[in-house]
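The values are calculated or read from the model by the stated rules, or taken from the named source; none is laboratory data. As the structure is a computational prediction, the values presented were derived from the model and not from experiment. Here the Cβ positions follow ideal geometry from the backbone for every residue, glycine too, while neighbour counts run over all protein chains shown. The area values use the complete protein model at the heavy-atom level, side chains included, leaving out ligands, DNA and RNA. Shrake-Rupley method; radii C 1.70, N 1.55, O 1.52, S 1.80 Å.
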Amino acid sequence: MTYYILKLLIMLPLIGLMIYGSLWLYRKYQPQTMMRQNTNSLNIVEVLPVGMNNKLAVVDFEGRKILLSVTRSGVTKVDVKNAD
């Protein structure tokens, strides 16, 4: 019985550290952060989560602001405005 308790006391902190480390790595190398590289023609201005699987994204493309609806099934253009 003491073997199992000792094993539990050793394994619980190790599992906690592994969870913390994986969450830290995910936050550091998140796909959204990788996409925020500045290019001359395309910039992601803002992303707003609307639901579990839906997002609204404002993209600046060649001087125009484009509102996009992003879902699991695809990307749909909602509106286009000229940036003044």
Item to check | Residues that are under 16 Å from Ser41 (Cβ atoms) and either charged (D, E, K, R) or surrounded by fewer than 11 Cβ atoms within 10 Å (Cβ to Cβ) (or both), drawn from the stretch 51-79 | outcome: Asp60, Glu62, Gly63, Arg64, Lys65
Checklist entry - Is there any pair linking a residue in the stretch 51-68 that is under 10 Å from Lys81 (Cβ atoms) and basic (Lys, Arg) to one that is open to solvent by less than 60 Å² (accessible area, probe 1.4 Å) and part of a loop (DSSP other than H, G, I, E, B), with Cβ under 9 Å and at least six apart or on different chains, and which? => result Arg64/Ala83; Lys65/Ala83
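With the requirement that a residue be part of a strand (DSSP E or B) and closer than 15 Å to Asp79 by Cα, what does the stretch 49-68 give you? Please lay out each step first, then the result.
First pass over the stretch 49-68, keeping only residues part of a strand (DSSP E or B): 49, 55-61, 64-68.
Residues satisfying the conditions are Lys55, Leu56, Ala57, Val58, Val59, Asp60, Phe61, Arg64, Lys65, Ile66, Leu67, Leu68.
Mind checking whether some residue in the stretch 37-44 is at pLDDT 85 or above, touching a helix residue (DSSP H, G or I) at 6+ places or on another chain (Cβ under 7 Å) and outside any helix (DSSP H, G or I)? Write out each step before concluding.
In the first step, residues of the stretch 37-44 are kept if they are at pLDDT 85 or above; the result is 44.
Next, only the ones that are touching a helix residue (DSSP H, G or I) at 6+ places or on another chain (Cβ under 7 Å) stay: 44.
Filter once more, keeping what is outside any helix (DSSP H, G or I): 44.
Looking for residues that are at pLDDT 85 or above, touching a helix residue (DSSP H, G or I) at 6+ places or on another chain (Cβ under 7 Å) and outside any helix (DSSP H, G or I), one finds at least one in the stretch 37-44, hence yes.
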